[in-house]
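Structure record follows, encoded as structure tokens.
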Amino acid sequence: QVHLVESGGGLVQPGESLTLSCTASGFVFSKYSMTWYRQAPGKQRTLVARITNDHSTYYIDAVKGRFTISRENAANTVYLQMNNLKPEDTAVYYCTVVLGGVGSWGQGTQVTVSS
């Protein structure tokens with residue numbers, strides 16, 4: 001059974017940083033791409049960043065140069081380092097993995113950027 005647990009969210013001021021973590025279980029973590037999504041109030045859930053099993057990365061334009069996705073296979077954990085946060089980054093952040101065409105999601109962690 002796939003289980004994903006996000007943590008690290010919080011309330012920060014614009015320009016500050018946060019690091020989100022997502023710890024996985026129930027599958028061979030090192031073999032799969034991991035993706036971070038976010039969902040702002042009243043908006044659809046959207047992809048933020050992805051890291052493949054060989055550590056290739058992808059970012060949406062809105063976070064390039066500010067966010068860094070990484071993974072630690074020994075700890076079954078994927079991270080999202082978020083720097084220079086902006087109010088528009090406010091959202092619930094989710095990690096996800098797709099196994100056999102089926103996506104699994106964590107419960108999410110709230111990030112609020114406000115002065």
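The values are calculated or read from the model by the stated rules, or taken from the named source; none is laboratory data. Source: prediction; values computed, not measured. Neighbour counts are summed over all protein chains in view; Cβ atoms, including those assigned to glycine, are modelled from backbone coordinates with ideal geometry. Keep in mind that these areas ignore ligands, DNA and RNA; they rest on the heavy atoms of the full protein, side chains included. Shrake-Rupley method; radii C 1.70, N 1.55, O 1.52, S 1.80 Å.
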Practice item. State the extension gain, in nm to one decimal, for the chain segment bounded by Thr52 and Gln39, taking 0.36 nm per residue of separation less the distance between their alpha-carbons. Key: 2.5 nm
Review point. Taking 0.36 nm per residue of separation and subtracting the Cα-Cα distance, what length does fully extending Gln110 through Asp61 add?
Key: 15.5 nm
Exercise for review: Would you check the accessible area of Lys86, probe 1.4 Å, heavy atoms only, in square angstrom rounded to 10?
Suggested key: 70 Å²
**Study point:** Viscosity 1.567 mPa s, 4 °C: Kirkwood-radius Stokes-Einstein D of segment 53-115 over Cα pairs, µm²/s
**Key:** 96 µm²/s
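Equivalent ellipsoid semi-axes for segment 7-115, as square roots of 5 times the alpha carbon gyration tensor eigenvalues: give them largest first, rounded to whole Å. Mind dumping the intermediate values first?
Details: eigenvalues 106, 40, 31 Å².
Here the semi-axes work out to 23, 14, 12 Å.
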Check your understanding: Hey, what do the phi angles of segment 24-34 turn into as Karplus ³J(HN,Hα) couplings, whole Hz, using 6.51/-1.76/1.60 and θ = phi - 60°, x for Gly and Pro?
Key -> 10, 8, x, 7, 7, 3, 5, 8, 10, 5, 10
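Order 98-107, 62-71 from most to least packed using the mean count of other Cβ atoms within 10 Å. Before the final figure, lay out each step's value.
Numbers: 98-107: 11.4, 62-71: 16.4.
Taking the mean over residues of other Cβ atoms within 10 Å, the ranking is 62-71, 98-107.
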Check your understanding: Which lysines have a Cα less than 23 Å from the Cα of Lys43, not counting those fewer than 8 places away in the same chain?
Key -> Lys64, Lys86
Review point. Taking amide H positions as placed 1.01 Å from N in the peptide plane, with prolines and chain starts having none, which residues 5 or more places from Val97, or on another chain, fall under 5 Å of its amide H?
Key: Ser104
Check your understanding: In nm, to one decimal, how far is the Ala75 label point from the Ser30 one, both placed 7 Å along Cα→Cβ?
Key -> 1.7 nm
Point to revise | Cα centroid of segment 2-34 to Cα centroid of segment 60-115, whole Å | key: 6 Å
Point to revise | aspartates and glutamates whose Cα lies under 17 Å from that of Lys31, excluding same-chain neighbours fewer than 8 positions away | key: Asp54, Glu72
